[in-house]
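Beneath this line is the structure, given in structure tokens, with notes to follow.
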Amino acid sequence: MVKRRLLALPVLLLAFIAFPAFADTWGSDYDGASSFEIDSVEDLQAFANIVNNDKKDFSGKTVTLTADLNLSGVEWKAIGSITKSSAWDSATPTAFKGTFDGGKHTISNLTAAGSNLSTGAGLFGQVEGVIKDVNLENVSITAYKYGGGVAGELKENGSISGCTVSGTVTYFTFTTNGTKAGTSLGGIVGSASDNASISQCINNTLVKSAGDGAGGIVGAATDQVSISGCMNNGAIAGTSKVGGIVGSAKCEAVSECSNTGSVAGNQSIGGIAGEATSAVKNCDNSGAISGLSDELLTELGNKLALTGQLSGGIVGSLAGGDIENCQNSGTVSGDWNIGGIAGKAAQSSAIKSCTNTGNITGSPQSSGENGALGDNIGGIAGSNLGTVEKCTNDGAITGEVGVGGIVGNHNDTDATTTDASVSGCISRGSVKGAQNVGAIVGSNSILTTGTENPADDPTPSGSTGNVQNNFWPESLGTNAVGGGAGSSSDTDPQEQIKNNSAYDETGKLTTPITNSEGETITTISAALEEVLGGSENVPETLKATYSFNANGHGTAPTGKTVTIGTQIVLPSMENDGYFTFLGWSDGTTTYAAGTTVGIMKDTTFTAQWRDDTPPYTGKYSYEVFTSVGDNGSLTVDRYATEGDKVTIEVAPDEAYLLDELVVIA
């Protein structure tokens, strides 16, 4: 009996040891737990399996990544995705609805190969929850539709924040015939909708799409989506609706975002958004915006008659939204409708308080090429049917027909009424073209059809576009409007074109304007402060700082930052011992004290002095000081050497005689 008991003990122990192995299976406590930790590739795979196969969405639960993971060699299937059996399969994936906290850890070498039968490609497929603080390094994602480094789709109030991605996100190629397809591809998210939000994310991936919608952060955004505080550094290329931040922005707002990566496409290409009906505010672009290169055209196909059409430093096609307080410093080039801020702005759109410093170039025409090549090129908008106000252009603008410092082609509509206007703008960049070239607007109110050259058969539109209160340097040598209403050839000037003026090198307007009170304004500084609503609203690019350098003698006067063109009176300085103050030099010209000068750029005025120290003769030298009463003047040699005679000239005023002359040695 004893032997039987001893033999039975190992069996009981073995059973005891095997039981905890089942309890440790990741996610086995799903129903009772609210938080989970992932510290291995196996845990991450188990997480994906629970969502994809067990159909558990983690709603109300938090999953935290506690270690860096390397997915090299792993065939990844996105969390919240399925692969359909056929194109007619109606199955839908289980969206992740919990919170995934990356803990600022890195998942590297994720490879996801999507297809026309898969739903969403990325670390996650479909997300309706929260993803935050995860870094994805060296991803390789292929998607037919909805592909992004972090998620293929973001929906239903879902949010992604604090994420960084590097690698490639690219289109799907059918193995049967080599056809390329890729719609809504983004460095962070492929498609965002239904009140979702993306914030504080950085993309460093190369994104290439062979369909609509390619963006550094989001491929396409709709339905009250907000995108804020994001940055793209990756190169973005696609056929249509291609943006440094978002390809297609039919959403609530894109704000506080910046792009440094190159953006290239056939149509609707922008440094921030390729196409937008949303508000785009406080964004900046420094990346180069262009049509597709020959190499990319061959790779992506779908070449249009024109490439790079509707290209803008901020938005390619502004189809109803507003762009406000945005800056572009990147070069923008393409075939047609090219602008420093927007390629084309629709009738209900507005561009406000924006600045362009990048060079804007339309493709040059040559024999046999499309007649619209290089047309509608502007420092702010290539074409405008909406409102452009309080904008500044400092970039060089080059095109063929309809080339303007602010707008290339303005108000080309047959509507009998329109609110199209360009007002309160200043352009200081060079403007060059073959026809209809203006300092502010190239072609105004010239109606054309299709891609016809407006110079071939210009037809007056049903209304005249407003061009008012705009300014440019006289050195540009052109009028406010190059062709059409308000141009030099317009024999019937309209009320809608007024108060536009060049200004000279001192800041004086060549054609004084009148403000709303009927007062005449003669300087560019006063004009800008009038139309912009005060000096506090003048942007820094239109301000200059003047300062004074005492040049070793006395105390320099205080300088100031002012609106360009501000007229100041140069102050005087006291003589310093034997040094006599002569005036001020700006490095080119010397001015006497009391001269009025216009401040057009940052300027330092350096005091000019004459050294009147008498030569040494072995005798004492003396400085003669004078004090003169009222009603006369006294002239005397200022310096004298011991033994010299000093001549004093006294000149009483008319009707006065010298009463007393006192000399004190």
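Worth a mention:
- Just so you know, in the stretch 190-225 the residues that are of a type in the set (Val, Ile, Thr) and surrounded by 24 or more Cβ atoms within 10 Å (Cβ to Cβ) include one that is farthest from Ala279 (Cα to Cα), and it is Thr205.
- Filtered residue count, the stretch 40-74, keeping only those that are of a type in the set (Ser, Thr, Tyr) and under 20 Å from Gly129 (Cβ atoms): 4
- Some residue of the stretch 576-587 being at pLDDT 90 or above, polar (S, T, N, Q) and more than 30 Å from Asn356 (Cβ to Cβ): yes
- Inside the stretch 245-258, residues that are open to solvent by 40 Å² or more (accessible area, probe 1.4 Å) and modelled with pLDDT of 95 or more make up a count of 1.
- Test: residue in the stretch 212-221 that is over 19 Å from the mean Cα position of the chain (by Cα) and more than 11 Å from Gly238 (Cα to Cα): yes
- Restricting attention to the stretch 469-493, the residues being part of a loop (DSSP other than H, G, I, E, B), small (Gly, Ala, Ser) and at positive phi number 2.
- Test result for Thr417, part of a loop (DSSP other than H, G, I, E, B), of a type in the set (S, T, N, Q), farther than 23 Å from Ser311 by Cβ and modelled with pLDDT under 80: yes
- Options Thr173, Thr183: the member that is modelled with pLDDT under 90, of a type in the set (Ser, Thr, Tyr) and buried (at least 24 other Cβ atoms within 10 Å of the Cβ): Thr183
- From the options Ala196, Ala151, residue that is in contact with a Phe, Trp or Tyr (Cβ under 9 Å, 6 or more places away or on another chain), of a type in the set (Gly, Ala, Ser) and at pLDDT 95 or above: Ala151
Table: residues versus (1) within 19 Å of Gly559 (Cβ to Cβ); (2) in contact with an Asp or Glu (Cβ under 9 Å, 6 or more places away or on another chain); (3) modelled with pLDDT of 85 or more.
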| site | (1), (2), (3) |
| --- | --- |
| Thr604 | yes, yes, yes |
| Asp612 | no, no, yes |
| Thr626 | no, no, no |
| Asp637 | no, yes, no |
| Val646 | no, yes, no |
| Ala655 | no, no, no |
| Asp659 | no, no, no |
| Ala665 | no, no, no |
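- Of the residues Ile440, Ile446, Ile426, Ile497, the single one that is farther than 16 Å from Thr523 by Cα and at pLDDT 90 or above is Ile440.
- Thr613 vs. criteria not aromatic (Phe, Trp, Tyr) and not in a loop (DSSP other than H, G, I, E, B): no
- Looking across Ala95, Ala113, one residue alone is of a type in the set (A, V, I, L, M), open to solvent by 70 Å² or more (accessible area, probe 1.4 Å), closer than 22 Å to Leu185 by Cα and at pLDDT below 95. It is Ala113.
- Here Gly261 fulfils each of the conditions (1) crowded, with 24+ Cβ neighbours inside 10 Å; (2) part of a strand (DSSP E or B) apart from (2).
- The set of residues from the stretch 264-295 being under 20 Å from Ser353 (Cβ atoms) and either open to solvent by less than 10 Å² (accessible area, probe 1.4 Å) or among the basic types (Lys, Arg) (or both) comprises Gly270, Gly271, Ile272, Ala273, Ala276, Ser278, Val280, Lys281, Cys283, Asn285.
The values are calculated or read from the model by the stated rules, or taken from the named source; none is laboratory data. Note that this is a predicted model, so its numbers are computed, not measured. Counting neighbours? That spans all protein chains shown, and the Cβs are built from the backbone with ideal geometry, glycine included. Side chains included, ligands, DNA and RNA excluded: accessible areas come from the protein's heavy atoms. Shrake-Rupley method; radii C 1.70, N 1.55, O 1.52, S 1.80 Å.
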